[in-house]
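The values are calculated or read from the model by the stated rules, or taken from the named source; none is laboratory data. Note that the structure is predicted; figures quoted are calculated from it, not measured. No Cβ is skipped: glycine too gets one built from the backbone with ideal geometry, and neighbour counts run over all protein chains shown.
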Amino acid sequence: MKIDRPRGICHTCQEPFKSGTTYNSTLQIAAESWVRRDYCEKCWKQQSPEEVIAEWKVKVEKKKKHVLSESAIWQVLKSGNPDIGTKPLTYILCLMMARKRKLRVTKTLTKKGQEFQTYSNISRKIEITVTVPNLTPVAFQKLQREMDDFFSSDES
Ligand SMILES: [Zn+2]
């Protein structure tokens, strides 16, 4: 499972993002994982619409802060895409939001040895059932750190 992490350059023109500027990020579903693409403002305007699960803005700052884009996470969880619930990354997102008390487990189910959990946020009209992945604690922590990068944002 691989997360396509931000590289600090525009996907189209390959120019590095300058400090103080804002760029646009999109998330798409790939076979094994998710793909994040970053675009500078100029290329973003010329960008033809693609099927994305989420899009959000990121501010480039000298001192790196780990601010998660909650709006991007909600977009993913609300997307209704049938593949979302099977991705281990989605499970990690749900756990991260549950830790912030923004989602809670409302149902657990084991079918043919596989555990599923349903996470809900009633006011946001979110109810998503995710496959609980078989991850070692080390793999789990690594993925969670990568998610911080993946969903970095200018929100505070
Ligand atoms: Zn560009």
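Kindly provide the set of residues from segment 13-28 that are surrounded by fewer than 17 Cβ atoms within 10 Å (Cβ to Cβ) and at negative phi, ordered by number.
So the first thing to find is which residues in segment 13-28 are surrounded by fewer than 17 Cβ atoms within 10 Å (Cβ to Cβ), and the list is 13-16, 18-22, 28.
Residues satisfying the conditions are 13, 15, 16, 18, 19, 21, 22, 28.
Find all pairs meeting these conditions: Cβ atoms under 6 angstrom apart; at least six residues apart or on different chains; first residue within segment 66-89 and modelled with pLDDT under 90; second residue of a type in the set (D, E, K, R).
Going by the 6 Å Cβ cut-off, the qualifying pairs are 66/148; 67/155; 69/155.
Taking segment 87-116, which residues are under 14 Å from the mean Cα position of the chain (by Cα) and hydroxyl-bearing (Ser, Thr, Tyr)?
Selection gives 90, 91.
Under 12 Å from the mean Cα position of the chain (by Cα) and under 18 Å from residue 33 (Cα atoms): is that true of residue 139 in this structure? Before the answer, list the steps.
Details: under 12 Å from the mean Cα position of the chain (by Cα): no; under 18 Å from residue 33 (Cα atoms): yes.
No: the conditions fail for residue 139.
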